[in-house]
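Here is the structure we will look at, set down as structure tokens.
The values are calculated or read from the model by the stated rules, or taken from the named source; none is laboratory data. It should be emphasised that the depicted structure is a prediction, and the values quoted were computed from it without experimental measurement. Cβ placement follows ideal geometry from the backbone for every residue including glycine, while neighbour counts extend to all protein chains displayed. Ligands, DNA and RNA are stripped out before the accessible areas are found, and what is left, the full protein with its side chains, is counted by its heavy atoms. Shrake-Rupley method; radii C 1.70, N 1.55, O 1.52, S 1.80 Å.
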Amino acid sequence: MDFFNVLIADDEENIRNGLKCIIDWEKLGCRICGEAANGKDAISQIIDLRPDLVILDIKMPGFNGIEVLSQVRTYFSSDPSQMPAVLILSGYSDFDYAQKTMNLGAAGYLLKPVNEVELEKKVTEIIHKISENRKLSESSKNAVQLQVRDFIVRILQTGVVGELSGLKETKFFSDCNNVDYTCILFDISKCDSVTENSIKDNIENIFSFFTFQTLSFSSYLAIFIKSSNEPAISNCLERLSKNLENKVFVTKSHGNSGLEGILSSYKQAVELQKYKFYFSRKSYLSSEILEATEKSDDFIDISSFVDQLLFCIETYDKVKLEEIEAELNKAFFNYEMAETVVKKNIISCIVELRNKIIAKYPEREISDGETFEIIPKILDAISYESVFIYFKNVLNNFIENFNFNTADSVIIKVISYIKNNYTSPDIRLENLGDLFNCNSAYLGKKFKKYTGKQFNTFLDELRIEDAKEKLLHSDLKVYQISKLVGYSNTDYFFMKFKKCTGLTPKEYKKGIEEGKN
């Protein structure tokens, strides 16, 4: 229940106390909000407390009742609706004073000593009148508000700024050519009525010091603020966004001058809404924030990133993987790129990486179920952040497939790595030691113990087996095959081939062909 606030102003304390107790104020829908013992204090409290009704003694020290009433009327002259009703208390000898207060707009007067029946009757009459005036004022205010909103909607729908006619004196449109209008847009397309009403309540509370209008559309709730104080608007919007906890996407235009500014501000806020996919986790998005945000180039070399990711997965290098993920995050983030394109790029990266892993490590059981369950989630995701989280989950699943928890885990990883990279001329024990964070001499001993072969012997056998296949199933020259299997020096390749097979490459190929014949 909303109570009517009552201020009692009398220099005699026993009278003030008596007035507080003489009738049941709560029954009348009232409560005592304050009391004053002199005229000066009465003026101060009326201005600060904004009571609905003042019970004012005609004779008080400092300022008498007439002076109090006169000064209060002057103070509220710019907005008479804020002026409280005043009930004068006077003695028989003060009757002339009482008449003067009536001329100044007092709602009535009572003679001292106050009769409780008369006081209750008079207060009831005044409260009823205040209530009726409020209803009329609210009705008139709502009618004007409706006209203002209709005018704004007409501007937005037609793109034409018409004549203000009778709206020139309203708060929202007064001096409109010399002020800025800012539009803040809330995406309420996924909101229920409770959330929407909560947003409206927050707007009313937080932006109460501004002159503004709110409009509801099918997908948006718009607030148009009449102010050139951009920092103050941004500060209020920060507070509002914290209350909303990212439940809705919010965009803010910069200030635009005049009635045309209403339309241009709205267009700016709508344009920023298309970046929701990339900025949904921002408290709000403005043109300034967008311009300050770094975006990637349009071209992304996915294959290059796939090779780097594969190397990290093979070597179980989680630190390096996180570094590449950070690079990929920058590479994929381009707010001017369509949502479908960035999703396609990320899915392409996943599929290409998966195919390379399977091609190089057919013995590994890569869970396609987990991988391909995430792809529909990526397609349905409503934010870039959630898409990239899904992507990182896939990479984590891949790399954990290469993690071993055994005493020989390092050697197993080294062997797996050699089998898939033996064609590199740089594959040496020293390099492998650096790669897997262990001493190369220790690595050589562990390798021999685990495989029964020296590292170089194991590497040569892999290369020579590959060379045999290429000699039999291609028309490549020997020097070409030498380089393809990892030997940059062709003479050295000859020597190794003969040591392993007892034949030169040409003799081997000829012997196999003759054997077939």
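Considering only residues of the stretch 255-264 that are in contact with an Asp or Glu (Cβ under 9 Å, 6 or more places away or on another chain) and surrounded by 18 or more Cβ atoms within 10 Å (Cβ to Cβ), which is farthest from Leu156 (Cα to Cα)?
The residue in question is Gly255.
Okay, residues lined up against (1) within 46 Å of the chain's Cα centre (by Cα); (2) under 21 Å from Tyr487 (Cβ atoms):
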| site | (1), (2) |
| --- | --- |
| Asn396 | yes, no |
| Asn401 | yes, no |
| Lys413 | yes, no |
| Lys419 | no, yes |
| Tyr422 | no, yes |
| Pro425 | no, yes |
| Glu430 | no, yes |
| Cys438 | yes, no |
| Lys446 | no, no |
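Considering only the stretch 410-504, give the helices (runs of 4 or more DSSP H) lying wholly within it that have at least 3 residues that are at pLDDT below 90 and either in contact with a strand residue (DSSP E or B) (Cβ under 9 Å, 6 or more places away or on another chain) or over 18 Å from Phe311 (Cβ atoms) (or both).
Filter on the stretch 410-504 gives 440-451.
Give the number of residues within the stretch 26-48 that are in contact with a Lys or Arg (Cβ under 6 Å, 6 or more places away or on another chain) and open to solvent by less than 20 Å² (accessible area, probe 1.4 Å).
Adding up the residues that qualify gives 0.
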Within the stretch 203-293, which helices (runs of 4 or more DSSP H) (wholly inside it) include 1 or more residues that are over 13 Å from the mean Cα position of the chain (by Cα)?
230-244, 258-273, 287-292
Considering only the stretch 505-517, state which residues are of a type outside the set (Asp, Glu) and either open to solvent by 100 Å² or more (accessible area, probe 1.4 Å) or not in a helix (DSSP H, G or I) (or both).
Lys506, Lys510, Lys516, Asn517
Among the residues of the stretch 408-431, which ones are over 24 Å from Phe497 (Cβ atoms) and surrounded by fewer than 17 Cβ atoms within 10 Å (Cβ to Cβ)?
Asp408, Ser409, Ile412, Glu430
Among the residues of the stretch 167-208, write down those that are at pLDDT 85 or above, surrounded by 15 or more Cβ atoms within 10 Å (Cβ to Cβ) and of a type in the set (A, V, I, L, M).
Val179, Ile184, Leu185, Ile188, Ile199, Ile203, Ile206
Per the filter on the stretch 448-457, residues open to solvent by 60 Å² or more (accessible area, probe 1.4 Å) and under 56 Å from the mean Cα position of the chain (by Cα) are Tyr450
Taking the criterion of being open to solvent by 50 Å² or more (accessible area, probe 1.4 Å), among the hydroxyl-bearing types (Ser, Thr, Tyr), farther than 27 Å from Phe436 by Cα and under 30 Å from the mean Cα position of the chain (by Cα), would at least one residue in the stretch 296-307 satisfy it?
no
Could you check Lys267 against (1) open to solvent by 40 Å² or more (accessible area, probe 1.4 Å); (2) more than 25 Å from Leu146 (Cβ to Cβ); (3) among the basic types (Lys, Arg); (4) at pLDDT 90 or above and say which number it fails?
(2)
When you look at Lys392, is it touching a helix residue (DSSP H, G or I) at 6+ places or on another chain (Cβ under 9 Å), farther than 30 Å from Phe493 by Cβ, open to solvent by 70 Å² or more (accessible area, probe 1.4 Å) and at pLDDT 90 or above, yes or no?
yes
Quick one: how many residues across the stretch 146-166 are surrounded by fewer than 14 Cβ atoms within 10 Å (Cβ to Cβ) and either on the phi > 0 side of the Ramachandran plot or modelled with pLDDT of 80 or more (or both)?
7
May I ask you to list the residues in the stretch 473-498 that are of a type in the set (A, V, I, L, M, F, W, C), out of contact with any Pro (no Cβ under 9 Å at 6 or more places or on another chain) and buried (at least 16 other Cβ atoms within 10 Å of the Cβ)?
Val485
Would a scan of the stretch 310-326 turn up a residue that is exposed (fewer than 13 other Cβ atoms within 10 Å of the Cβ) and part of a loop (DSSP other than H, G, I, E, B)?
no
Out of the residues in the stretch 327-351 that are open to solvent by 10 Å² or more (accessible area, probe 1.4 Å) and not in a helix (DSSP H, G or I), state the one that is farthest from Leu272 (Cα to Cα).
Phe333
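Can you tell me which residue among Asp380, Asp460, Asp466, Asp434 is surrounded by 19 or more Cβ atoms within 10 Å (Cβ to Cβ) and of a type outside the set (Phe, Trp, Tyr)?
Asp460
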From (1) closer than 18 Å to Lys112 by Cα; (2) more than 52 Å from the chain's Cα centre (by Cα), pick out the condition that doesn't hold for Ile8.
(2)
Thr211 versus (1) surrounded by fewer than 17 Cβ atoms within 10 Å (Cβ to Cβ); (2) more than 17 Å from Leu146 (Cβ to Cβ); (3) touching a Phe, Trp or Tyr at 6+ places or on another chain (Cβ under 8 Å): which is the lone unmet condition?
(2)
